[in-house]
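**Student:** Could you have a look at this structure, given as structure tokens, before my questions?
The values are calculated or read from the model by the stated rules, or taken from the named source; none is laboratory data. All values derive from a computational prediction rather than experimental measurement. Don't worry about glycine lacking a Cβ; one is built from the backbone with ideal geometry, like all the others, and counts go over all protein chains shown.
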Amino acid sequence: MYGHIPRKHQDALRRFVRGARVVDLGCGDMERTWTLLGCDPEAVLAVDSHLPSSPKAHPRLTLHQGLFNDSLGVIRDFRPTVAHVSWPANYLTGLVKLLTDIPTVIYVGCNTDGTACGERALFQYMLTRKMVRYLPDRQNTLIVVTKLLDNPRDATYEEKAALDQTEVYPYRA
């Protein structure tokens, strides 16, 4: 299932989401948005170019329909401390620019099945930040990055697969 987050990821998410102001970039069907809300954030801003037609309401949820590069002002005004970026593809321009001001970035996706969940620029950018959590999974790998590094770090297997995009990197635990 596209929006499913395994239990081990939910437990890891809670540590980073509890009490945070979270922007869910590319929220899609909002299944992951609801998982984020279940992790007790201060607030969640769900952003997508196509939101569900009748989304459920929640007192800590704000919705914004728009492309990333058209949503920069709304997102900055929200003052997120955590960004959640998930697949399928986040190839829209402006994504990396949005992430530069957000202290913690949570990526959930899969690049090891012959597809790429995000453009190379996203993964090149993630290598410039400290990785604090890496949970590989056949369906969705979770990577959490925080502060900027002086030098890029080594890529995880998931990131190598995303950066290469010329061959299939079979899943490995």
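**Student:** Working only within segment 128-172, note down all residues that are at pLDDT below 95, over 26 Å from Val17 (Cβ atoms) and out of contact with any Ser or Thr (no Cβ under 7 Å at 6 or more places or on another chain).
**Tutor:** Passing the criteria: Lys160, Leu163, Asp164, Gln165, Thr166, Glu167, Val168, Arg172.
**Student:** Look at segment 12-47 and say how many of its residues are within 15 Å of the chain's Cα centre (by Cα), assigned to a strand (DSSP E or B) and not charged (D, E, K, R).
**Tutor:** Result for segment 12-47: 7.
**Student:** Let me spell it out: the conditions are (1) touching a residue at least 24 places away in the same chain (Cβ under 8 Å); (2) touching a strand residue (DSSP E or B) at 6+ places or on another chain (Cβ under 7 Å), and Leu149 meets all of them except one. Which number is the exception?
**Tutor:** Only one criterion is unmet by Leu149, namely (1).
**Student:** Just to be sure I understand, how many residues within segment 67-98 are at pLDDT below 90, surrounded by fewer than 16 Cβ atoms within 10 Å (Cβ to Cβ) and not aliphatic (A, V, I, L, M)?
**Tutor:** Residues flagged as at pLDDT below 90, surrounded by fewer than 16 Cβ atoms within 10 Å (Cβ to Cβ) and not aliphatic (A, V, I, L, M) within segment 67-98 amount to 7.
**Student:** Checking His50 against (1) surrounded by 12 or more Cβ atoms within 10 Å (Cβ to Cβ); (2) outside any helix (DSSP H, G or I), which single condition isn't satisfied?
**Tutor:** Among (1) surrounded by 12 or more Cβ atoms within 10 Å (Cβ to Cβ); (2) outside any helix (DSSP H, G or I), the lone unmet condition for His50 is (1).
**Student:** Give me the residue from segment 1-35 that is at pLDDT below 95 and hydrophobic (A, V, I, L, M, F, W, C) and, out of that set, nearest to Arg79 (Cα to Cα).
**Tutor:** Leu25
**Student:** Given the condition of a type in the set (Val, Ile, Thr), closer than 25 Å to Asp137 by Cα and without any contact (Cβ under 8 Å) to a residue 60 or more places away in the chain, answer yes or no: does some residue in segment 86-100 qualify?
**Tutor:** yes
**Student:** Against the conditions (1) without any contact (Cβ under 8 Å) to a residue 60 or more places away in the chain; (2) in a loop (DSSP other than H, G, I, E, B); (3) at negative phi, where does Ile5 fall short? Just the number, please.
**Tutor:** That leaves (1) as the condition not met.
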